[in-house]
Amino acid sequence: MCGANELSGLGCLGSEKRRLGTASAVELSELIRIDRDSWFKLLRDQPGLFEVALAHLSNRNVDLKKVCAQILDHSERRLARVLPKLTRIGVEQREPVVLPKISHETLASIVGTPRSRITYFMNCFRKRGLIDYKGRAMVRPSRLNVALQDE
């Protein structure tokens, strides 16, 4: 679903030889078709257009990674990735870091799994020493990272 002033069909800039999708307008629209060679010339000559195209491709890449992770990674792994991000620190952090106050219900909506699974995984993480509960939940990012790499 594209909005106003958005790009579509940039797969042809890479190695895509066949059209993998279609576009349909849901309201009055104006489309501009630009052949591949002209695109490359425009991207070289107009830095502003290059930035827009690069941002579009980067956002598309991030969206595709999220979809793939949601489909391919099991919920325990997704939770293990989310916890360090909530602390806004890197996975190399050695000392435990306090998680912001967040409910299992909220975690469940972020991870895409039922709350009961979050509770189960958090208890498993605690038993494995990946998180601690001392008043508030504390994450051990370096241990979570090791656990993610071991799987």
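Readers should treat all values here as calculations from the given coordinates under stated rules, not as data from a laboratory. As the structure is a computational prediction, the values presented were derived from the model and not from experiment. All Cβ positions, glycine included, derive from the backbone under ideal geometry; neighbour counts span all protein chains shown.
Key figures for this structure:
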{"quantity": "Radius of gyration and Dmax over the Cα atoms of region 75-150, both given in Å", "calculated": "11.1, 30"}
{"quantity": "Spin-label pair residue 46/residue 101, simplified geometry with 7 Å Cα→Cβ offset, distance in nm", "calculated": "5.1 nm"}
{"quantity": "The chain: DSSP helices with Cα axial extent of at least 27 Å and average Kyte-Doolittle hydropathy no lower than 1.6", "calculated": "none"}
{"quantity": "Charge tally in the Cβ shell below 10 Å around residue 113, where Lys, Arg are +1 and Asp, Glu are -1, residue 113 excluded", "calculated": "+2"}
{"quantity": "Charge tally in the Cβ shell below 13 Å around residue 4, where Lys, Arg are +1 and Asp, Glu are -1, residue 4 excluded", "calculated": "-3"}
{"quantity": "Per-pair calculated FRET efficiency, R0 = 41 Å: residue 134 and residue 68 via Cβ, rounded to 0.05", "calculated": "0.70"}
{"quantity": "Highest-first arrangement of 44-50, 103-109, where packing means the average Cβ count within 10 Å", "calculated": "103-109, 44-50"}
{"quantity": "Reachable lysines, given that their alpha-carbon falls under 17 Å from the alpha-carbon of residue 85 and they are not under 8 places away in the same chain", "calculated": "65, 66, 101"}
{"quantity": "Most to least packed among 24-36, 110-122 [average Cβ atoms within 10 Å]", "calculated": "110-122, 24-36"}
